[in-house]
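The values are calculated or read from the model by the stated rules, or taken from the named source; none is laboratory data. A quick note: this is a predicted structure, and the numbers were derived from the prediction, not measured. When we count neighbours, we look across all protein chains shown, and the Cβ atoms used for this are built from the backbone with ideal geometry, even at glycine. Side chains included, ligands, DNA and RNA excluded: accessible areas come from the protein's heavy atoms. Shrake-Rupley method; radii C 1.70, N 1.55, O 1.52, S 1.80 Å.
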Amino acid sequence: MEPLSKFAFNNNQRLMKPKILVTGGTGYIGSHTVVELQKSGFDVVIADNLCNSKKEIVDQIEKITGKRPKFEKVDLKNREQISQLFDKNTDIKGVIHFAAYKAVGESMQFPLMYYHNNLFSLINILQVMMKHNINNFVFSSSCTVYGNPDYLPVSEKAHVKPAISPYGNTKQMSEEIISDTVQTGNLRSISLRYFNPVGAHNSGLIGELPFGIPNNLVPFITQAAIGKRKILKVFGNDYQTPDGTCIRDYIHIEDLAKAHVAAIERLLKLKQKDDYEVFNLGTGKGYSVLEVIKAFEEATKIKLQYEFTERRPGDVPQVWADSSLANNELGWKAQKDLRDMMKSAWKWEKNLEAGKIF
Ligand code: UD1
């Protein structure tokens, strides 16, 4: 049989590995992770309530991998629905948990909605896992837990700082809930602290899909370049950084997704050094907002219109990762550079605009 696309892969690779539940699997990071899991031979079931994603992403994943992941529309706030999913899929061996709200500004407006959704979902999934004796859990965390770090690059040894937003607090609280649960001896877990995931799959078939006006830099850049947004605002040019704009560690979404495969394999192969481990996922390189703009312009030959405005409340001046622990322990290293990130983000935006995706 003809593969569905040039990205499809050999069927034999899939035969051996167990079934993994990916919550939030139609979302940005989730969908790329599903692709990488399938490419590595895992069988995947997605649970998503589609509150911030589209069901059609499942079709897109199938176009890339040649295999349709199972999809269950489940709201993780409803424990009964999760129980039913586990009753139907008795062969799930591990869970990668992405499903959560993630907009910082929105979390300040609606803190209870954030605590309710992000924490209830986590507690419910852990409770159902315990009931079914499934004990491998990868959690989607964030470098936001470091706040404004005392030293750079930030390693996992850095202090967790008081959260600036309810969103950030849900990540910190979630890590504590997981760590406490691990103490009971019934769970083994890895939390992955992402720096700034950007870009899209090189096929141009999946990518970030912000509803409304994007809060994050790269989707705003691509929307401004395509003409959906008027002018890019650079939030502050008076930071104590070489060009005055904030510095972040941008990481290609495909690299980030691959780290999740490494993490679940580490759990399944009992390779952990501790039952609860935390890894930073970044490239180790920081780029300023102006450098990102320049990289986009060079990669696409499009000139961006931008203006400097006030600082955005809650932004830290600079942060980038020490990811050597992930490099050494997970055997994972980010491969793609800023140019790859910009090119893939742009390809995705153009495909969206051309109506090639939905
Ligand atoms: C933000 C969140 C972080 C979250 C992550 C999820 C804040 C303070 N932090 O990270 O907790 O985990 O998103 O994706 O919201 N910028 C502009 N103009 C724009 C948009 C952004 O200049 O229109 C600047 C920001 O000031 C920042 C950089 O670009 O310096 C990156 O911003 P963004 O993409 O929103 O990521 P973070 O703020 O690092």
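Structure notes:
- Checking every residue in the range 326-336 against the condition of being basic (K, R) and within 30 Å of E176 (Cβ to Cβ) gives at least one match.
- Residue check for Q127: without any contact (Cβ under 8 Å) to a residue 12 or more places away in the chain and surrounded by fewer than 18 Cβ atoms within 10 Å (Cβ to Cβ): no
Residue-wise test of (1) away from the ligand (no atom under 13 Å from the Cβ); (2) under 18 Å from V218 (Cβ atoms); (3) surrounded by fewer than 17 Cβ atoms within 10 Å (Cβ to Cβ).
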position	(1), (2), (3)
V292	no, yes, no
T300	yes, yes, no
Y306	no, yes, yes
G314	no, no, yes
Q318	no, yes, no
S324	yes, no, yes
L330	yes, no, no
A334	yes, yes, no
D337	yes, yes, yes
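- Test: residue in the range 299-321 that is assigned to a helix (DSSP H, G or I) and out of contact with any Ser or Thr (no Cβ under 6 Å at 6 or more places or on another chain): yes
- The single condition among (1) closer than 18 Å to F137 by Cα; (2) out of contact with any Lys or Arg (no Cβ under 6 Å at 6 or more places or on another chain); (3) open to solvent by 70 Å² or more (accessible area, probe 1.4 Å) that M113 does not satisfy is (1).
- Close pairs (7 angstrom Cβ cut-off, 6 or more residues apart or separate chains): over 22 Å from V104 (Cα atoms) in the range 171-187, open to solvent by 20 Å² or more (accessible area, probe 1.4 Å) and part of a helix (DSSP H, G or I) anywhere: N186/M130; L187/T181
- Residue count for the range 263-288 under the criterion of being open to solvent by 20 Å² or more (accessible area, probe 1.4 Å) and aliphatic (A, V, I, L, M): the result is 3.
- Scanning the range 277-290 for residues that are within 10 Å of the ligand (Cβ to nearest atom) and within 14 Å of F195 (Cβ to Cβ) yields one hit, Y287.
- A count restricted to the range 146-157 and to residues that are under 24 Å from L119 (Cβ atoms) and either of a type in the set (D, E, K, R) or more than 13 Å from the ligand (Cβ to nearest atom) (or both) stands at 1.
- Of the strands (runs of 3 or more DSSP E) contained entirely in the range 171-269, those carrying at least 3 residues that are near the ligand (Cβ under 9 Å from one of its atoms) fall at 196-198, 232-235.
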